[in-house]
Structures are given as structure tokens and as C-alpha cells.
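Asker: The following block contains the structure, expressed as C-alpha cells.
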Amino acid sequence: MDNELYQEVLLQHSKRPRNFGPLENPTHSADGHNALCGDEISVTLRIENGKVTDAKFTGSACAICTASASIMTGEVKGLTCPAVEALTSHFRQLAKEGTAPDVPAKLEVLGGVHQFPQRVKCAVLPWETLTSAMKTPVEPDQAPASPAAIS
Amino acid sequence: MDNELYQEVLLQHSKRPRNFGPLENPTHSADGHNALCGDEISVTLRIENGKVTDAKFTGSACAICTASASIMTGEVKGLTCPAVEALTSHFRQLAKEGTAPDVPAKLEVLGGVHQFPQRVKCAVLPWETLTSAMKTPVEPDQAPASPAAIS
Amino acid sequence: MDMTTIRGQFPFLHEAVNGHPLAYLDNAASSQKPERVIRRMARFLESEYANVHRGVHLLSERATAAYEDARSVLAEFLGAGCLEEIVFTRGTTEAVNLLANSWGVKNIGPGDTILLTEMEHHSNLLPWQHLAGRVGAKVEFVPVLENGAVLDMDAARVLIAGRPKLFAFVQIPNTLGLENPASELCWLASEAGVTTFVDAAQSVGHRPVDVREIGCDFLACSAHKMCGPSGIGALWGRAELLAEMPPWQYGGEMVDRAHYDRPATFREPPARFEAGTPPIIEAVGWAEAVRFLNEVGTEAVREHSVALANLAAEQIREIPGLRIFGPGVRESGIVTFSIEGVHAHDVAFFANERGIALRAGHHCAQPLMRKLGSPSSSRASFYLYNSREEAEALAGILRDAVAFFR
Amino acid sequence: MDMTTIRGQFPFLHEAVNGHPLAYLDNAASSQKPERVIRRMARFLESEYANVHRGVHLLSERATAAYEDARSVLAEFLGAGCLEEIVFTRGTTEAVNLLANSWGVKNIGPGDTILLTEMEHHSNLLPWQHLAGRVGAKVEFVPVLENGAVLDMDAARVLIAGRPKLFAFVQIPNTLGLENPASELCWLASEAGVTTFVDAAQSVGHRPVDVREIGCDFLACSAHKMCGPSGIGALWGRAELLAEMPPWQYGGEMVDRAHYDRPATFREPPARFEAGTPPIIEAVGWAEAVRFLNEVGTEAVREHSVALANLAAEQIREIPGLRIFGPGVRESGIVTFSIEGVHAHDVAFFANERGIALRAGHHCAQPLMRKLGSPSSSRASFYLYNSREEAEALAGILRDAVAFFR
Ligand SMILES: Cc1ncc(COP(=O)(O)O)c(C=O)c1O
Ligand SMILES: Cc1ncc(COP(=O)(O)O)c(C=O)c1O
């Protein structure tokens, strides 16, 4: 297929996502889903001293969403929470408009979605889930809910 | 106006309706109305020994409805209740189809409405009200409700 | 407004009755559609149609884009804060029922008051009476004064100060030819902390309507009364109020997660209130109607319609026994009247034989017409494609009708 | 069926995607419209349009005649006892909501059971769950067996024998490619004194449907899924049941007498259930769609669609990791599938680039798809204008998608 959506590097991320799987001892987590197309994703974080020290994801999602989550979890590791928030808002702009300031080169491959309005939500979903994860501390004795546990 | 609906004799009945006004000592009465065009009519009867001995009507209705009530009240006087029922069903047929068996000549002027489906209800309303009046004895100490009393 | 250009855009004007050109004066019941609305709907069906929202294929993308474009066109037309404030319904009636069953059931309880006016259309009366019966609230009415000439503003002030839970009123009634001072009423209500709903079925597309200028909380209108198709209307509501409202109808598109054994969770407005396949073709046609009206200008539409109504009213007022309801000078394109000794139904029938389309009956305002002493009346209502000639023809025909029937 | 003639009547077939002809396989979501339906609606708007019911003028008479003609065309198409048994709604979803809020609220109380199946569309699930929550009733489900191949008839017998107040089930689910034995289920229910509702959104216009033959009490369908416009559908109900049902929405046209100070009285069905200006243009378009389908023959439509679904299913079944839901042999035009390692959303996107319109997602049947272990799947659904070539193209494109994404 010859279009600007599924670029090779994006396909690689979707076929072999990084940071996919359960995170041990997460401090924060959240589930996200796209009611319209069926993407389901969970993001788990370890936040220590105001910094994201580790980030992983699980779920069942389309190539765009999976690649976005794969790249995202790599990029946010080591950032302070305010830096993650800033990056998230730049990423939203990238997905909607095709360009945005201060976006790491690795994320730019996702700029192509802006030409496909129905897919923007797929690219943005991991970031929305990340935002809600940062606000949702994990109760010590309660394992994070995985999407599979919902059915 | 030149059409088969408002024939001269019908217009005369609507301008100077017969049997219009309150009936003294009615034994039966009912109100009828056409929610779609605003015809309001009351029919009062005196029924003695299974015969309609007197019939009158009041109300505010269009020319077709008024003429129909005027002719109807004249025609049913002196008929037995079963005969009124039979006549009513023949009249319905006349209004809907333009002809019907056993219809007194005076009623035939109303056959023209069948060409104007929206007016059939106007012609039939007095007869429907008559039917329900025959089933509704007047309580001795309760005057029949006139449509004006409703507002 | 250039009448030749405008009339040239309405195909229905080619129709005739008994050889008479058709003068359509039944606009308050529903309006005719310009060529471009008819064409837009046909073109949409030929090359852009599919179900909306869930599809990733070409036609579904086109249909979704056209449907959501309609929402934003309407949002802008009404001065909405954002397009999520527009909920598509079947029409004004469904919008009021939605509001009563969602906002109403949540916010109105035993002993509460719902304030209406005496000049409401049945669709802004019956849903509230039913709700009041269901939850044990009561309904009060701001009276109409002097033969229907004007709303009793003193009474309105007193009743609003009594702090009803809701004040729901019509901006332009479909009977009286008057216009209520919507922004003043909403200002009084909001000072008293009273939520407001404006029935704008007769005003949107007939005069400029801006929800922020009016200052209401909710407003409803119907496409078919403003050059658009049947089958669609809208409820506009302030985003923060819509966000707190429970769903009313349940089904596809409005749900977030559904389960066999647990209650579902629902999406944000407007999706929450649009269960099932929405009126898609209708939204597209409506957007085209709004574009058309924007080009003509709604203030020009208002001036034209009111001028014709005044012209007609002045001429028919001379007829002995004829009574016009409402104010001496028309404030909308509507002229409702009764003629002593001639029933409205006969008037309309007679006028039709000469090519003039009038409406007869209670105009879905039974209690009002009963109060005014005329359970059945005739109505001529004017809109942008009507002409001076049409307005002038009315008086002659009514004179003939009087001669014929009286 | 002569495919060249049929395809020639559908203007959308002139569309192309990236130079590929458009193969529209999203019919279960909504169908395309033949030229004659599009033309009929335009012609109606040009020379017959007005509001219905209350008018005595020419256009109002024409519009009323066309609107009521549509009711009788549909009544005959469904085998209704009389035309008063047809209530026009926005669609199937609104029909179910009407039934739940009118018949349901009146007849279902605390401790009662509403019986559904596990394969319901959200629109025949959520209104009942909401009603159950509101009145304190409970919802039970007839299970689906073996990968969604068939309804568990033994369980159905037991659950029906438990005498639920209502058994509401889908005749042709929009996911599984199966058809439920509607008359057998209704017979079991009526033997047990259980009222029945059939969701016929996917069956009316796709196979012969006769309400007397099915033996149900209520049935609903949507015009847009059967070559008709959006914005209209119908609830059919037995006259004696409709007669006992309270109104649901309130407004113009459905009221007999309205008052300021007393509850209103209401008209007989169907008027009682059609508050406000109805979908007029839509009814006229729907009637034309029914005439078209009557000429083609609904049994021929069924055979054609099922044959194409079987053809497609046989070919795609060979693809490694591809799983088709439902029975081995198709009973409707629907083929829902998932592919291991390739998400449905990507499949649909990929197929669209080659001109094939598929649907991806939960198909408004979240609990079912979750039970089948596939929250998101792809669906190809066939209708009368689809061709063998289109069905055959599917397998090749899916192979390419697998190579691309896996
Ligand atoms: C003032 C007013 N409100 C509400 C309505 C109801 O609108 P609809 O029939 O489009 O729901 C009408 C139209 O009949 C109206 O004139
Ligand atoms: C089986 C079934 N029931 C109900 C519906 C709802 O129909 P509508 O969206 O037209 O209200 C659909 C269509 O989406 C369906 O497939």
C-alpha cells in the first residue's frame, strides 16, 4: 500500500511494539478505549519524584494506535510530569495538523494521520490514556485492570 | 364558487340550519369534535319507547358539518333506534363513496364530499355524535355540556 | 431582496390550482424548499451517502464529514459556543420531549413549578404537563393580554420572581403575529436563577437568532420551517448543562461501553442524545438551507415577511365581521383571523379553490384559541418567497367568501 | 435477478476510490438508494410538499395523500392487519425506545423479566436494560452457541417457559450471518402467553417478512437499510395492543383536546404516537423503495445476498488466522471476521484504499463480540446491487492486508 499513513517505521513499531507488556510495581495506570473502532489500551507507569521512570502498555489496538503507544512509552521515560504534559499537547497538535513545535524526530512519523481524520483518534488514544494514568495512582494491593478483565 | 361540494341546498342548510338550538328535556346527548379542523358540535335527543321523537344540535362548525347536522336532525326524527343506526351506516358510505342504498333524497346533496377526502370527516361528524348520543343518557339533574362549556 | 431571483429558486411556484397560480401562505405550518436544497440532498444520495461515525471507508467518510459539517453550520448560524452544543432531533417537538425527559426528570421534582406562557404551541405545553403529572410539579402560565396582542410582562416578572425551576416560552408564537422579548425574559429569568428554554420553531430562519444574545439556556427549532427538509430539528443547550444530562433514548452510537449484566456507560454530548442512525440526508439538506438563508440574510427575510403580513392585515381588516388576533401592527409574518358567520374550514377551502393556501383550525394551540373565543380560525403566514400580489389577493378572496357563505 | 439492470439503477456505483471501482460491502450499516427513490423525493419536494394532516389546501392534500399512501404501502409490505398498525418513527432504535417507554412502562413491573438474546444490537438491549433499572425488572438472555453459530433453542424453551413479560429478539443479527427462527420463537412465546417484539432492522427488505406469518406482537424496521432514506422507520404493533398503550412523546397532531389546567386527551393510534411534524419526505421516499423492492422480489434479494456472502466466506476462510463468526453456511448476507495479528480497523482502512467498503469495530454489539473474544472485527455485508466480482475481490485484498500488517 502506498500512502503516507503506514510508513515503514510505523509498521515496524506496530508489528514489534516496544514497552509492550505488564510493568512490575507500577505506581500509576489507566485504561483507554475508542468506542468507535474498538481500540483498547492500558498504560502503566512508574512515577518517582515527579519523574516518569518507566512506562509500558498492553491491549488490542490497530497499527496506528499500537505504534503511537510504542513510540510514546519510549519517549516519556525520564521526563518530568510537566514535560510529559507539554509533549502530550504538542503531540495532539501534530496528529491534528501534521506539524507541531518541539516534537522529537521519532514522533514525526505519526504526523501523517492528520490527513485521515478518522484515524487521528487512534494516534491520540495512547496519549489520552497516559494523561489519565498520570492522575490515577495504583492502589498497592490492587492490580491494574487490563482491558481483557472487562469482558 | 363552482364545485360539487357547496351545492345551493347545502349552503341554505348551513346558513339557516334547522333544529339548531337547545332541546328541552333531552333524554340523550353527546359532544363531538374534529381535532383537525376545529368543528365542535353537540347533539341532543329525546328518545321515547325506542324511537327518536326529537333531535337538535348546537355548536360551531363548518358549512358541511352544519348542513349535515341540519339535515340529519330532520331525517332521524320519528325513526326507531335501529333504523337510525342503519341510516347512519348508509350515510357513512354515501360520504365516502358518493352513493349508497336507501338514502333519503334530502341527504344525497352531501354525497359530493366523497371527492374531497379532507371534508368527509366534516359531513360524518354529526352522525358520529348522534351515535354516541344514543348511547349516552342524560342524568336528570345535569344539563348537557355544550362545547362552549369546555373552555 | 430581489424577489424575482428568490422566487426563481423555488420549484413549487410552478404549481397551479384551477388555473390560478399557487400562493402558498401556509409557511407557519411548513416552508417550501429551494432548488439547491433539493439538489444537494439528491447529490448527497448519489455520491456521498453511507451511515455515519463508525466507518473508515470513502462514502462513510464523506457522509460523516457532511453530517458533522451540518452541525457546525447550524452551530454558527445559532451562535452556539461550540458544535457539541447542537443535538440533532426529529424536530422541535422531539427536542422539547428530550429536554423534559432528560433535564426535566433530573431537575424538576414534587412541588416545583414549570412556567410557560398562554401562547405555547402544544409541543411546548403537553410535554411539560406530562412531566408535571409524573413528578408532582405544577405548571403556571404567563397570561396573554388584550385579544392576544402582547404577553403580560408584569405578570411575567412576578411569576419569574416566584423562582420556577424552568421558564419555557415561545419566541414567535405560530398564531398571534407577535414576537416575545426573548432576551428581556431570559435576562429576568437568569437574574432569578431560573433556567430558560426558548421554542424558536417560528423564529430561526425567519429572523436573526443568536443564543448568546438571547441569553437562554436551551433553544429548539425545526428544519422544515426554514427551507430545510422534514425529519430533522435541533436542541441547542449550554455545554455545561448538556454535560450533566442523562440520556433519553438508548441504542447505537450513544453508548461508551455496553454489557450483558451491568448498566452501560454513555458518551459525551451530543452523541449521548443521538441514539441510532440519525437523520443524515436531512442534516445535509438543512445545512444547505442555512447557507441559502445566510446569503439572503435573515434580517431581510424578517422585514419582507412582516411587511407582507402588515399589508395583508391592513386590507382584510376592512371586511365586516373579520377579527385579527394579536397586535395592531404585525411583528412576524403571521396573520390569524376569524370571520363572523363563516367557519375557518370553509374559508380555507374556498381560498384554495382560488389558489391561496391558508391554514384553518386550532393551530396546535387549543387552549389559547379557546381563551380568545375562537376555537377555529384561519391563518395566512408569509415567508421570503411570497409576493405583494399574493398578499393583496387575500382580501378580495375573503370578501367573496363572506358573500358566498354568509 | 438481472444484475446489469439492477446495478444500472444505483447512481453511487459511479464512484471510485484511488481509481478502483467502489465495492460497497457495508450494507448492514446502511444501504444505497436507487435513482427512483432519489427522484421521487426530489419530485415530491418540487410539487407536492406541505405539512400533513391539518391542511385543506392543494399541497397539503397532496402531501397528506402521499404520507398516508406510504403508511398503507408499508402496511401491505409487512402484512399488517390495517394501516393504523404502522407507527412511523425515526428508525428501529426509536421504535424500541417507544415500545419500552409506552408498552413497557405500563406492563413491566418490579420482579418481572424481560427476555432478550445474547446477539442483540445495542438498540434492542440498552432500552430494555434502562427500563429494567427504572421499574425494578430483570433482563435475561437466551445464549448463543458455538462461536455464534446458532441460538440455544433449548435454553430459549426453558427461559420462555419461565414466562417473561416480553421476549424481544433480533430476526437477523447484524453480526453473525445467521437467521433466528422467528416464527418458531414467537409460537413458543405465544403458547406461554409471552408478548413478543422482533427487531427486523436487518430482515425487512432483505427477505420476505410478514408479521402474521411470524406471529409476533410488535416488529420494527428502518428505511435506510432497505433502499429508503434516513430519518424514518416504523413500529408495527397489533391494533389491540397499540390501542391500550399510553403516548410517549407529546406535542402537535397526537392530541385530541388540550387545556391549560387539565391533562390532555389523546387521539387513536397511530396518531397518538406521532407527535409533531413527522418525517414526511422520508415516508414518501420509503414507499418508493418498497415499490422497488416489491418489483425485484424480496426472496430474490435474499438468495442473491446470501449466495454472495457464502462465496466470499468460502474464499476468505482459507486465509491463515482468519476466523469467521457464525454458522458454517451463511443464512444472511453478512460475513463478520477477525484476522489474527491484524486489527479490524487496519483491515477496513486497507480495503478502502482498494475500493472495498468494509465496516470495522464492535458493530453496536459489544457484549456479543466480547463473548466471542473479539472486541473488534471486520464485516462484509452484501445486498442486491453487489456482484460476484465484488465478493471475489475480497479474499485477494485480505491476503495482501495480512502480508502488509503481519
Ligand atoms: C411555535 C411552534 N413550536 C413548535 C412547533 C413544533 O414543531 P415540529 O412540528 O417541527 O416539531 C411548531 C410547529 O408546528 C411551532 O409553530
Ligand atoms: C439488528 C439491528 N437492530 C437495530 C438497528 C438500529 O437501527 P437504526 O440505527 O436504524 O435505528 C440496527 C442497525 O444499526 C441493526 O442492525
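Asker: Projecting each Cα onto the charge dipole of the range C:178-246 (Lys/Arg +1, Asp/Glu -1 at the beta carbon, about the Cα centre), which of C:Val198, C:Val211, C:Gly231 comes out farthest on the positive side?
Answerer: Of the options given, the answer is C:Gly231.
Asker: How many nm separate the modelled label positions at C:Ser47 and B:Glu24, each set 7 Å beyond the Cα in the direction of the Cβ?
Answerer: 8.2
Asker: Tell me which D residue has its C-beta closest to the axis rotating D onto C, and the distance in Å?
Answerer: That would be D:Gly231, 2, residue then distance in Å.
Asker: Restricting to DSSP H runs of at least four residues, report the calculated mean residue ellipticity at 222 nm for chain B, -39500 (n - 2.57) per run over all residues, nearest 500 deg cm²/dmol.
Answerer: Helices in chain B give a 222 nm mean residue ellipticity of -12000 deg cm²/dmol.
Asker: Right, here's the next one. Label the range C:326-405 by shape, choosing from rounded, prolate and oblate, from the square roots a ≥ b ≥ c of the eigenvalues of the Cα gyration tensor; if a/c is under 1.5 it is rounded, and otherwise prolate applies when a/b is larger than b/c, oblate when it is not.
Answerer: Oblate is the answer for the range C:326-405, as a/c is 1.5 or above yet b/c matches or exceeds a/b.
Asker: OK, next. Tell me, what HN-Hα J-couplings in whole Hz come from the Karplus equation 6.51 cos²θ - 1.76 cosθ + 1.60 at θ = phi - 60° for each residue of the range D:7-24, using x for Gly and Pro?
Answerer: Values per residue, Gly and Pro as x: 4, x, 8, 10, x, 4, 5, 6, 6, 9, 10, 6, x, 8, x, 7, 9, 8 Hz.
Asker: Still on this structure, I have one more. What is the sum of charges, Lys and Arg at +1 and Asp and Glu at -1, for the other residues whose Cβ falls under 12 Å from the Cβ of D:Ala137?
Answerer: Overall, the nearby charge balance is +1.
Asker: Residues of the range D:325-367 with amide nitrogen under 16 Å from the 7 Å Cα-to-Cβ point of D:Asn18?
Answerer: Answer for the range D:325-367: D:345-358.
Asker: Would you grab the residues whose amide H sits under 5 Å from the one on D:Leu322? Only those 5+ places off in sequence or on another chain, please, with H modelled 1.01 Å from N.
Answerer: Under 5 Å from the amide H of D:Leu322 lie the amide H atoms of D:Glu340, each far enough along the sequence or on another chain.
Asker: Label point 7 Å out from C:Asp2 along Cα-to-Cβ: which residues of the range C:22-39 have amide N under 19 Å?
Answerer: In the range C:22-39, the label zone of C:Asp2 (backbone N under 19 Å from the point 7 Å along Cα→Cβ) covers C:34-37.
Asker: Mind checking which of D:Glu118, D:Glu213, D:Glu390 has the largest fluctuation in a GNM of chain D, springs on alpha carbons under 10 Å?
Answerer: D:Glu213
Asker: Related question: So what are the ³J(HN,Hα) numbers for the range A:31-40, from phi and the Karplus equation (6.51, -1.76, 1.60; θ = phi - 60°), rounded to whole Hz, Gly and Pro as x?
Answerer: Calculated HN-Hα couplings, in order: 9, x, 8, 10, 4, 7, 10, x, 5, 10 Hz.
Asker: Sticking with this structure for a sec: Could you count how many Lys pairs in chain D have their Cα atoms under 25 Å apart, skipping same-chain pairs fewer than 8 positions apart?
Answerer: The result is 5.
Asker: If you don't mind, there's one more thing I want to ask. Taking the Cα centre of the protein assembly as shown as origin and charging only Cβ (+1 Lys, Arg; -1 Asp, Glu), how large is the dipole, in debye to the nearest 20?
Answerer: Computed charge dipole of the protein assembly as shown: roughly 400 debye.
Asker: Is the protein assembly as shown best put as rounded, prolate or oblate by its Cα gyration tensor, with a ≥ b ≥ c the root eigenvalues, rounded for a/c under 1.5, and otherwise prolate when a/b is larger than b/c, oblate when not?
Answerer: Cα axes put the protein assembly as shown in the prolate bin.
Asker: Classify chain C from the C-alpha gyration tensor, please: rounded if a/c falls under 1.5, else prolate or oblate depending on whether a/b exceeds b/c.
Answerer: Taking the square roots of the gyration eigenvalues as a ≥ b ≥ c, chain C is oblate.
Asker: Express in nm, to one decimal, how much length is gained between C:Arg323 and C:Arg388 on full extension, taking 0.36 nm for each residue of separation and deducting their alpha carbon distance.
Answerer: Gain in length upon complete extension: 21.2 nm.
Asker: Right, another one. Name the residues whose placed amide hydrogens come within less than 5 Å of the amide hydrogen of D:Thr277, ignoring near sequence neighbours (fewer than 5 apart) on the same chain.
Answerer: C:Thr93
Asker: Determine the sum of side-chain charges near B:Lys77: Lys and Arg each +1, Asp and Glu each -1, restricted to other residues whose C-beta is under 13 angstrom from that of B:Lys77.
Answerer: Result for the local shell: +2.
Asker: Let me ask something else about it. Please compute the contact order of the range D:38-295 in relative form: average sequence separation of alpha-carbon pairs under 8 Å and at least six residues apart, divided by the residue count, as a percent.
Answerer: 24
Asker: Would you list which lysines come within 28 Å of A:Lys96, measuring only between C-alpha atoms, while excluding same-chain residues fewer than 8 positions from it?
Answerer: A:Lys15, A:Lys51, A:Lys56, A:Lys77, A:Lys106, A:Lys121, A:Lys135
Asker: Using a 10 Å cut-off around each Cβ, can you sort D:Leu126, D:Leu13 from fewest to most neighbouring Cβ atoms?
Answerer: D:Leu13, D:Leu126
Asker: Another question, if that's okay. As an exercise, use a Förster radius of 41 Å and the Cβ-Cβ distance of C:Ser72 and B:Glu4 to find the FRET efficiency, rounded to the nearest 0.05.
Answerer: Plugging the Cβ-Cβ distance into 1/(1 + (r/R0)^6) gives 0.15.
Asker: With θ set to phi - 60° and the Karplus curve 6.51 cos²θ - 1.76 cosθ + 1.60, what are the ³J(HN,Hα) couplings of the range D:303-314 in order, to the nearest whole Hz, using x for Gly and Pro?
Answerer: 3J(HN,Hα) across the range D:303-314, in whole Hz: 4, 4, 5, 5, 4, 5, 4, 5, 4, 4, 4, 4.
Asker: Further, regarding this structure: Would you order D:Thr4, B:Thr58 from fewest to most other beta-carbon atoms within 10 Å of each residue's own beta-carbon?
Answerer: The order, fewest Cβ neighbours first, is D:Thr4, B:Thr58.
Asker: What nm distance separates the two modelled labels at A:Thr53 and A:Asp102, each placed 7 Å from Cα along Cα→Cβ?
Answerer: 2.5
Asker: Taking chain B as a whole, which cysteines find no other cysteine Cβ under 4.7 angstrom from their Cβ?
Answerer: Taking the Cβ cut-off of 4.7 Å, the unpaired cysteines of chain B are B:Cys37, B:Cys62, B:Cys81.
Asker: Given a Förster radius of 30 Å and the C-beta distance between D:Phe404 and D:Glu303 as r, what FRET efficiency does 1/(1 + (r/R0)^6) yield to the nearest 0.05?
Answerer: 0.30
Asker: Report, to two decimal places, the Cα Rg of the range B:56-138 normalised by 2.2 N^0.38 Å (N = number of residues).
Answerer: Dividing the Cα radius of gyration by 2.2 N^0.38 Å gives 1.01.
Asker: Here is a follow-up. Out of residues 5 or more away from D:Val170 or on other chains, whose amide H comes under 5 Å of its own, with H placed 1.01 Å from N in the peptide plane?
Answerer: Counting only residues 5 or more places away or on other chains, the set is D:Thr117, D:Asp199.
Asker: Chain B: longest stretch without exposed GluC sites (Glu not before Pro) (DSSP loop, at most 16 other Cβ within 10 Å), sites themselves excluded?
Answerer: B:25-151
Asker: Which percent, nearest 5, of DSSP beta bridges in chain D are antiparallel?
Answerer: The antiparallel fraction comes to roughly 60 percent.
Values quoted throughout were computed directly from the atomic coordinates according to the rules given, and no laboratory measurement underlies them. Model, not experiment: these values are computed from the prediction. Using ideal geometry, Cβ is built from the backbone for each residue, glycine included, and neighbour counts are taken over all protein chains shown.
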